[in-house]
Structures are given as structure tokens and as C-alpha cells.
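Q: Please see the structure below; I have some questions.
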Amino acid sequence: MTSPPVGHLLRSWRQRRRLSQLDLSNEAGVSARHLSFVETGRSQPSREMVLHLAEQLEVPLRARNELLVAAGYAPVYGRRGLATPDMQAVRRAIETVLAAYEPFPAAVVDRGWDMVAANRGVPLLTDGADPRLLEPPVNVLRLSLHPDGMAPRIRNLPQWRAHVLQRLARETRLSGDAGLAALHRELSLLPGGLDPSPPDGIAVPLRIRVGDDELSFLSTVTTFGTAVDLTAAEVSVEAFLPADERTAEAVRAQASGSVSP
């Protein structure tokens with residue numbers, strides 16, 4: 001299958017960012033005429049221009065490689081597996097972050113929301129899920145919303161489901177990732193309702209039944225903000241921190257083996 005011309009791809013990214021040619025030309029410091037010529041194929045952009053426009057458009061690294069290839073240049077962003085020696089620093093950083101969050105749940109996910117690693121707090125959330133949903137690769141969004149996964153234990157499922165689907169829809173729109181689009185379509189068909197009303201607090205909590213308790217967590221995301229490797233750029237740490245002191249005490253008590261209050 002032939003790749004679309006680089007001008008077509010750049011125009012798609014500009015439109016995805018809802019920018020006019022004039023908007024982008026002003027932000028990138030290039031003439032609107034030259035940008036128009038690039039998009040229509042009348043002008044061949046240099047390697048530096050492709051990377052400059054991609055930076056202005058906040059194009060993901062993987063897609064920047066695709067732009068370079070479409071323009072006739074070699075990709076510049078490599079991809080190394082987490083197990084390779086060159087990624088030792090990344091592995092160490094991930095392990096440090098995961099351990100720091102314990103006893104609270106935290107997991108490392110890739111760009112498709114498949115779990116790469118997890119700390120010892122995660123089983124608190126996944127307890128009781130169908131073993132098939134826990135077979136690698138574990139997709140954490142599917143696990144959370146599936147009726148055979150965490151969904152029956154989530155007390156505010158319509159609100160949490162709306163939050164997850166809205167977030168996934170935004171990521172799909174910004175990234176143009178076909179895999180995320182397919183995942184969004186799949187999860188949208190699962191039962192559970194939708195409640196898009198704003199939460200009472202500062203963020204949408206995850207309220208989940210753990211034993212006889214209802215615990216409440218707020219999710220946070222940690223990424224490698226300066227990554228120039230695809231693997232490092234496309235992984236993030238999703239952590240669930242206690243939204244109230246009762247939840248914090250219950251999780252610490254369970255982790256220490258004592259009875260929660």
C-alpha cells in the first residue's frame with residue numbers, strides 16, 4: 001500500500017489540530033504560501049522543515065517517522081525494547097516510580113493501553129476479574145469497563161465510564177491512532193451507562209468495592225516528557241492515589257496484613 005504524500009499527511013495533522021494554514025505559518029515562522037505549496041505537493045519540504053512542522057503540530061514521534069518516510073527521508077526516532085541494555089535507565093526509572101507508589105496501585109501502560117508492568121497494589125483493583133481478561137497483553141481500559149472485569153465493583157461506573165471514553169476519544173483524535181479508535185468503538189458498546197456530569201471534587205474518582213469497603217481513588221499519569229525513543233515516549237505510569245484518608249488507611253492496612261477499619 002502506497003503511503004500518502006507528506007503534504008497530505010501534514011494537512012491532515014493541521015486539520016486535526018484545528019489550525020488554518022495561516023495559524024500554522026505564524027506559529028512555525030514560515031510563509032503561508034510555502035506551507036500551501038508543501039501541502040499541495042508543489043514544494044518538497046526539507047528534512048528539517050518536516051521535523052519543524054511536526055514539532056509545531058505536536059505530532060507523536062511514531063507519526064513523525066511516518067512523515068519523514070513519506071517525504072523521502074530516513075526515520076530519526078528509534079524504538080528499543082525495554083529489555084535491551086540501552087533501556088536500563090528507563091527500566092530503572094519505571095521500577096522506582098512503581099515502587100514509590102506502593103501500597104497504592106500503579107501500572108505501566110503502552111500507547112494502546114496494554115499493561116507493561118505493575119506494582120503489588122494492582123491486584124487490589126483487579127481482584128475477581130475473569131482470568132481471560134488478565135492474560136497478557138492486559139488492556140487496562142477493557143479490564144476496567146468490561147462486565148467480566150472490574151466494572152461490577154465500580155460504584156460510580158456511569159461516571160467513570162464517561163471519563164474513560166472521553167479521555168480515549170481525545171487521545172484518538174490527537175494521535176490519529178487507528179488502534180485507539182478501534183478500542184474506543186469496542187468499549188463504547190459495553191454496558192454500564194454514561195454520566196458526564198462534573199464530579200463534586202477536583203477530578204473524577206474511581207469508587208470501587210474492595211471486600212466490604214468502598215474505596216475512592218484519583219488517577220495520575222507520569223510520562224517521559226523529553227523522550228526521543230518511541231518506547232520511552234509511548235509508555236506512561238497510571239497510578240491510583242487515595243481520594244480520602246479512609247481509603248489511604250484501608251489500603252495501608254490491607255498491605256500490612258491487618259484488618260481495615
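The values are calculated or read from the model by the stated rules, or taken from the named source; none is laboratory data. For clarity, every value in this text was computed on a predicted model and none was experimentally measured. Glycine gets a Cβ as well: all are built from the backbone with ideal geometry, and neighbour counts include every protein chain shown.
Q: I'm trying to understand the selection: among the residues of region 213-233, which are among the charged types (D, E, K, R) and at pLDDT 90 or above? Break it down stepwise before answering.
A: Taking region 213-233 first, the residues among the charged types (D, E, K, R) are 213-214, 229.
Matches in region 213-233: 213, 214.
Q: Next question. Go through (1) farther than 26 Å from residue 250 by Cα; (2) in contact (Cβ under 8 Å) with a residue 60 or more places away in the chain and name the single condition residue 108 misses.
A: (1)
Q: Continuing with this model, one more query. Could you please give the count of residues in region 8-46 that are closer than 13 Å to residue 71 by Cα and either within 27 Å of the chain's Cα centre (by Cα) or touching a residue at least 40 places away in the same chain (Cβ under 8 Å) (or both)?
A: So the count comes out to 3.
Q: Let me ask another. Which is surrounded by fewer than 20 Cβ atoms within 10 Å (Cβ to Cβ), over 17 Å from residue 240 (Cβ atoms) and touching a strand residue (DSSP E or B) at 6+ places or on another chain (Cβ under 9 Å), of 131, 158, 147, 152? Break it down stepwise before answering.
A: On the way: 131 fails: touching a strand residue (DSSP E or B) at 6+ places or on another chain (Cβ under 9 Å); 158 fails: touching a strand residue (DSSP E or B) at 6+ places or on another chain (Cβ under 9 Å); 147 fails: touching a strand residue (DSSP E or B) at 6+ places or on another chain (Cβ under 9 Å).
Checking each option against the conditions leaves just 152.
Q: Go through region 2-44 residue by residue and tally those that are on the phi > 0 side of the Ramachandran plot and of a type in the set (D, E, K, R). Before you say what the answer is, go through the steps one by one.
A: So the first thing to find is which residues in region 2-44 are on the phi > 0 side of the Ramachandran plot, and the list is 18, 29, 41.
Keeping just the survivors that are of a type in the set (D, E, K, R) gives 18.
Residues in region 2-44 being on the phi > 0 side of the Ramachandran plot and of a type in the set (D, E, K, R): 1 in total.
Q: Further, regarding this structure: I'd like to verify a number: residues in region 44-99 that are farther than 15 Å from residue 227 by Cβ, polar (S, T, N, Q) and either surrounded by 15 or more Cβ atoms within 10 Å (Cβ to Cβ) or in contact with a His (Cβ under 6 Å, 6 or more places away or on another chain) (or both), how many?
A: Summing the residues that are farther than 15 Å from residue 227 by Cβ, polar (S, T, N, Q) and either surrounded by 15 or more Cβ atoms within 10 Å (Cβ to Cβ) or in contact with a His (Cβ under 6 Å, 6 or more places away or on another chain) (or both) in region 44-99 gives 1.
Q: In region 180-219, how many are of a type outside the set (Gly, Ala, Ser), farther than 22 Å from residue 152 by Cβ and exposed (fewer than 15 other Cβ atoms within 10 Å of the Cβ)?
A: Counting residues in region 180-219 that are of a type outside the set (Gly, Ala, Ser), farther than 22 Å from residue 152 by Cβ and exposed (fewer than 15 other Cβ atoms within 10 Å of the Cβ) gives 4.
Q: Taking residue 181 as meeting all but one of (1) within 18 Å of the chain's Cα centre (by Cα); (2) touching a residue at least 24 places away in the same chain (Cβ under 8 Å), write down the number of the exception.
A: (2)
Q: A further question on this structure: Just checking, does region 55-66 include any residue being of a type in the set (Gly, Ala, Ser) and within 27 Å of the chain's Cα centre (by Cα)? Steps first, answer last, please.
A: Of the residues in region 55-66, the ones of a type in the set (Gly, Ala, Ser) are 63.
Subset that is within 27 Å of the chain's Cα centre (by Cα): 63.
Scanning region 55-66, I find at least one residue that is of a type in the set (Gly, Ala, Ser) and within 27 Å of the chain's Cα centre (by Cα), so the answer is yes.
Q: Taking the criterion of being under 16 Å from residue 219 (Cα atoms), surrounded by fewer than 17 Cβ atoms within 10 Å (Cβ to Cβ), of a type in the set (A, V, I, L, M) and within 21 Å of the chain's Cα centre (by Cα), would at least one residue in region 100-122 satisfy it?
A: Yes, that holds for at least one residue.
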